[in-house]
Amino acid sequence: MTRIPNPQTALAVTARPDAPYLAPHSAPLTTTPPQPAPAPSGIGTLTGGAHHDLAIVLFAVIVLVTLGITLWAGRRGQAAEDFYTGGRGFTSLQNGFALSGDYLSAASFLGVTGLIALYGYDGVLYSIGFLVAWLVVLMLVAELVRNAGRYTLADVLALRMRQRPVRAAAGTAGVVVTLLYLIAQMVGAGSLVALLLGTDSGLAKTLTIVGVGALMIIYVTVGGMRATTWIQIVKAGLLLAGALLLTVLVLARFHGDPFALMRAAARNSGVGQAYLEPGLKYGTSATSRLDLFSLGLALVLGTAGLPHILSRFYTVPTARAARRSTMWAIGLIGGFYLMAIVLGLGATALIGATTVRAANSAGNTAVPLLALDLGGGMGSAGGMMLFALISAVAFATILAVVAGLTLASSAASAHDLYARAWRRPGAEEVTDRQEVVAARVAAVVIGATAIVLSLFAQQLNVAFLVGLAFAAAASANLPTLLYTLFWRRFTTRGVVWSVYGGLVPAVLLVVFSPVVSGTPDALFPGVDFHWFPLENPGVVSIPMGFLAGWIGTVTSPEVPDPDRYAELEVRSLTGAGAA
């Protein structure tokens, strides 16, 4: 079975160099494109000492800048609202940049571009789901969640339900989803930095994981949401600027003619016109097509249920600002993926698919190789500078994403579980100060847990973790949120059943899938206990989440309170009484 990679996981994209190609079936190209510059293949292409010395210097500068932002933000306020929402003082534009920074990981920069470089049309097709997902967020979630909630998704759910069971379920799902995402990003961080520094050392990967984990703990415990947001803004600016610079340089090579770029890419892809048509990567079997549909469904619906995305809507003062920030995010993310198409085509056109694949079978070095070529090639000062700059941008994206995930997970742990779900009835309420302390402790515990799990998992293929995180969010969080907002009869039992009815199947189906056993690239290749044929469970677990919520509601003896639903409806639609 062909593994469908997930470019949201840094360097966890598993592209098979032996993937079947369609034979070219068109007339030979007549346009003569710029000839690809010779580039050595293999990891050795990126082992020039000067390249990596400069990259390390830029890495250090980014760390110092982000630590400076954290210390500055940490002095601005210590209240719960400051820690969780940054004081709700960010503008729509600022939050739009932060949303795009939260969403675009290093692998969006390297992985998606690599897929396009190797598989052309199919690589572009794969990236569509990441952008389409934001239309769901814009139409169904942004304004309503901002009005109805305070800090977390559980605030929305508990507004018309019983607090303890709802917060226990939603808080647990939030921690699971963010931890899965976090482990994948940190393992990918180790591989990414080792690759960009030209080494395959296990020690380098371990030190990177520990270093990134320590930094994310500092960002969250010291600076809270304000620091995390500004780090996201800086990261998004660097990422978009780096992508724009490379895009302009690529188009300049082809005199601004995108059609000449496409023809050159097809010519140097090794498969001719098939590069520009569907079927080069996906669609080799009915199972792989269904798997792609399942993953696409999880990506499109999962974004609206990701805790670290939902928490961003509380950092702006009004629901209108939340909607406008989502529109900014759509524009920024859409612009980025358009540039990623140009970069992927440019890597194939100027370097050649053979060189890209030889350097890394997943295509993850396509952008660094392209930067070297555009800057003047190996050994040139321009190539060295551009390579180091792109490496530093990729590193900045890692730091920003893991900080956002850690904050969302610590908020679910402290605000939902510690302060409410785990409190005995009649117990004294937790103060804001105690809750913030608990959130900081949770950030340390979650960060340490992610570091340990990532160290054990660094030799494993963890591409499925992000796909599972999206599937779990789409299966557990989205059905519950939509039912709560739009179904008058929805009950507390429906919430609990919907959360666990989506979350548990999503995890179990992956355990019994080819990802874990039964295939050569499984987590446990020596055994075979899989019976579920797909690698992403979304096509099954998402309907199960909706079904479980419906069954839980219709079988519940609880009578929904029409007044509480009316209060939620008015508040979510008008903002009356919103925090």
Would you work out if segment 499-579 is rounded, prolate or oblate? Take a ≥ b ≥ c from the square roots of the eigenvalues of the alpha-carbon gyration tensor; rounded if a/c is under 1.5, else prolate when a/b is larger than b/c, oblate otherwise.
prolate
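If I stretch the segment between residue 547 and residue 91 completely, what's the gain in nm (0.36 nm per residue apart, minus their alpha carbon distance), one decimal? Mind showing how you got there, number by number?
Working: separation 456, 0.36 × 456 = 164.16 nm, distance 3.84 nm.
That works out to 160.3 nm of additional length.
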Ordering 308, 255 from largest to smallest accessible area (1.4 angstrom probe), what's the sequence?
255, 308
Could you state how much accessible area residue 573 has, in square angstrom rounded to the nearest 10, with a 1.4 Å probe and all protein chains kept in place?
120 Å²
A student applying the Cα gyration tensor rule (rounded when a/c is under 1.5; otherwise prolate if a/b is larger than b/c, oblate if not) would label segment 174-253 oblate
Go ahead and collect, in residue order, the members of segment 255-273 whose backbone nitrogen is under 14 Å from a label point 7 Å along the Cα-Cβ direction of residue 354.
267-272
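Given that compact globular proteins tend to follow 2.2 N^0.38 Å, what is the ratio of the alpha-carbon Rg of segment 277-416 to that value?
On the way: Rg = 19.5 Å, N = 140, 2.2 N^0.38 = 14.4 Å.
Rounded to two decimals, the normalised Rg is 1.35.
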Modelling each spin label as a point 7 Å along the Cα-to-Cβ direction, I'd like the residue 427/residue 287 distance in nm, to one decimal.
4.8 nm
Taking N as the residue count of segment 174-320, its alpha carbon Rg divided by 2.2 N^0.38 Å gives 1.40
Which cross-chain or sequence-distant (5 or more) residues have an amide H under 5 Å from the amide H of residue 524, H modelled 1.01 Å from N in plane?
517
Local charge sum around residue 85 (other residues, Cβ-Cβ under 12 Å, Lys/Arg +1, Asp/Glu -1)?
+2
Computed, not fitted: 222 nm per-residue ellipticity of the chain from DSSP H runs ≥ 4 (each -39500 (n - 2.57)), nearest 500, equal to -21500 deg cm²/dmol
Estimated inter-spin distance, residue 555 and residue 135, nm [label 7 Å along Cα→Cβ]
3.6 nm
Probe 1.4 Å, all protein chains in place: accessible area of residue 201 in Å², nearest 10?
40 Å²
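Find out how many positive minus negative residues lie around residue 397, taking Lys and Arg as positive, Asp and Glu as negative, among other residues whose Cβ is under 15 Å from that of residue 397. Mind dumping the intermediate values first?
Numbers: positive: 235; negative: 102.
Cβ neighbours under 15 Å give a net charge of 0.
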The extension gain from residue 527 to residue 72, computed as 0.36 nm times the residue separation minus the Cα-Cα distance, is 158.6 nm
In nm, what is the difference between 0.36 nm times the number of residues separating residue 564 and residue 507 and their Cα-Cα distance?
17.2 nm
Using the Kyte-Doolittle scale, which helices in the chain average at least -1.0 and also have C-alpha atoms spread 20 Å or more along the helix axis, with helices defined as whole DSSP H runs?
49-74, 121-136, 163-196, 202-218, 224-253, 286-302, 319-350, 381-411, 432-457, 492-511, 538-554
For residue 362, distant residues with modelled amide H under 5 Å away:
15
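From the Cα gyration tensor of the chain, with a ≥ b ≥ c the square roots of its eigenvalues, which class applies: rounded if a/c is under 1.5, or else prolate if a/b is larger than b/c, or else oblate? Kindly include the intermediate steps, with their values, before the conclusion.
Values: a/c = 1.85, a/b = 1.51, b/c = 1.23.
Since a/c reaches 1.5 and a/b is larger than b/c, the shape of the chain is classed as prolate.
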Gap in Å between the Cα centre of segment 149-198 and the Cα centre of segment 491-569?
16 Å
With a point put 7 Å past each Cα toward its Cβ, work out how far residue 441 is from residue 338 in nm, to one decimal.
5.0 nm
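Given that compact globular proteins tend to follow 2.2 N^0.38 Å, what is the ratio of the alpha-carbon Rg of segment 206-261 to that value?
Computed over Cα atoms of segment 206-261, the ratio equals 1.76.
The values are calculated or read from the model by the stated rules, or taken from the named source; none is laboratory data. As the structure is a computational prediction, the values presented were derived from the model and not from experiment. Neighbour counts run over all protein chains shown; Cβ positions are idealised from the backbone, glycine included. SASA here: full protein model, heavy atoms, side chains in, ligands and nucleic acids out. Shrake-Rupley method; radii C 1.70, N 1.55, O 1.52, S 1.80 Å.
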